[in-house]
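In what follows, a structure is listed as structure tokens, so that the remarks can point back to it.
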Amino acid sequence: LAKTTQPISMDSYEGQEVNITCSHNNIATNDYITWYQQFPSQGPRFIIQGYKTKVTNEVASLFIPADRKSSTLSLPRVSLSDTAVYYCLSVNTNAGKSTFGDGTTLTVKP
Amino acid sequence: KAGVTQTPRYLIKTRGQQVTLSCSPISGHRSVSWYQQTPGQGLQFLFEYFSETQRNKGNFPGRFSGRQFSNSRSEMNVSTLELGDSALYLCASSLVGLAGGLSYNEQFFGPGTRLTVL
């Protein structure tokens, strides 16, 4: 399974755009990249997923370059409520297994 | 639509005991996956059940087992508890699960069961 590596923590200020990058060593053809958000005492919550190029939804954008060895989650105009842990997840749809990164603790300051 | 529910939310056991955790998936979801979350190891995949069959398993010892019932509810059992089993155990449900060559199917996580082993 692909091993995912992401920064341990990041700080930002309200209204700024935040980009969190995850590295995917040994990513396989059947691996999809997904990002989750987790607040204390809650289970992770799906943010966005993609395979290649750019995906955008109402809360975030996901950029995956052609070699797929990294992905970048972009959160536009963050607010205090975006303070959470963000996990990069590699899902191998062939093996049916998932590998979470260690998570990036994002702290948004006023 | 009701979300994923897990019971109990908190549990305290002693070493050597066994424990059973329960997960009720979102109605209509046939896949249930279990994860262990600890500060040191992060989120680790335990196993996935689909239509009452274990479809995939992570790298955990045989003390960790599970099952799924015909209504898709799932239970996870840990026997001979060790101190290192203290963790947040998360259950996630999805329509068809992770495998099958399909694009990733969103997983909906429950709030977890906090297990403390003394």
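The values are calculated or read from the model by the stated rules, or taken from the named source; none is laboratory data. Because the structure is a prediction, the values reported are computed rather than measured. All Cβ positions, glycine included, derive from the backbone under ideal geometry; neighbour counts span all protein chains shown. SASA here: full protein model, heavy atoms, side chains in, ligands and nucleic acids out. Shrake-Rupley method; radii C 1.70, N 1.55, O 1.52, S 1.80 Å.
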With region A:60-101 as the region, which strands (runs of 3 or more DSSP E) entirely inside it contain at least 1 residues that are touching a helix residue (DSSP H, G or I) at 6+ places or on another chain (Cβ under 8 Å)?
A:70-75
Residues that are on the phi > 0 side of the Ramachandran plot and open to solvent by 10 Å² or more (accessible area, probe 1.4 Å): does region B:83-97 have at least one?
no
Going by the structure shown, is A:LEU62 hydrophobic (A, V, I, L, M, F, W, C), in contact with a Phe, Trp or Tyr (Cβ under 6 Å, 6 or more places away or on another chain) and either open to solvent by less than 40 Å² (accessible area, probe 1.4 Å) or on the phi > 0 side of the Ramachandran plot (or both)?
no
Are there any pairs, at least 6 apart or on different chains, whose C-beta atoms fall under 7 Å, with the first in region B:26-47 and within 11 Å of chain A (Cβ to nearest Cβ) and the second charged (D, E, K, R), and if so, which?
B:SER31/B:GLU48; B:SER33/B:GLU48; B:GLY42/A:ASP102; B:PHE45/A:LYS97; B:PHE47/B:LYS57
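May I ask you to say which residue of A:SER98, A:SER79 is buried (at least 21 other Cβ atoms within 10 Å of the Cβ), polar (S, T, N, Q) and either within 12 Å of chain B (Cβ to nearest Cβ) or farther than 30 Å from B:TYR49 by Cβ (or both)? If you could, list the steps in order and put the result at the bottom.
On the way: A:SER79 fails: buried (at least 21 other Cβ atoms within 10 Å of the Cβ).
So the residue among A:SER98, A:SER79 that is buried (at least 21 other Cβ atoms within 10 Å of the Cβ), polar (S, T, N, Q) and either within 12 Å of chain B (Cβ to nearest Cβ) or farther than 30 Å from B:TYR49 by Cβ (or both) is A:SER98.
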Contact list please: Cβ distance under 6 Å, first residue in region B:48-69 and at negative phi, second residue modelled with pLDDT of 95 or more and open to solvent by 40 Å² or more (accessible area, probe 1.4 Å), pairs at least six apart or on different chains.
B:ARG63/B:THR80
Return the residues of region A:17-46 that are more than 10 Å from chain B (Cβ to nearest Cβ) and in contact with an Asp or Glu (Cβ under 9 Å, 6 or more places away or on another chain); say none if nothing qualifies.
A:VAL18, A:HIS24, A:ILE27, A:GLN37
Farther than 17 Å from B:LYS13 by Cβ and away from chain A (no Cβ under 12 Å): does that describe B:ASN59?
no
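Table: residues versus (1) out of contact with any Leu (no Cβ under 8 Å at 6 or more places or on another chain); (2) aliphatic (A, V, I, L, M); (3) crowded, with 20+ Cβ neighbours inside 10 Å.
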residue: A:THR4; (1), (2), (3): no, no, yes
residue: A:GLN16; (1), (2), (3): yes, no, no
residue: A:TYR32; (1), (2), (3): yes, no, yes
residue: A:PRO40; (1), (2), (3): yes, no, no
residue: A:PRO44; (1), (2), (3): no, no, yes
residue: A:GLY50; (1), (2), (3): no, no, yes
residue: A:VAL55; (1), (2), (3): no, yes, no
Within region B:30-53, does at least one residue satisfy the condition of being of a type in the set (Asp, Glu) and open to solvent by 40 Å² or more (accessible area, probe 1.4 Å)?
yes
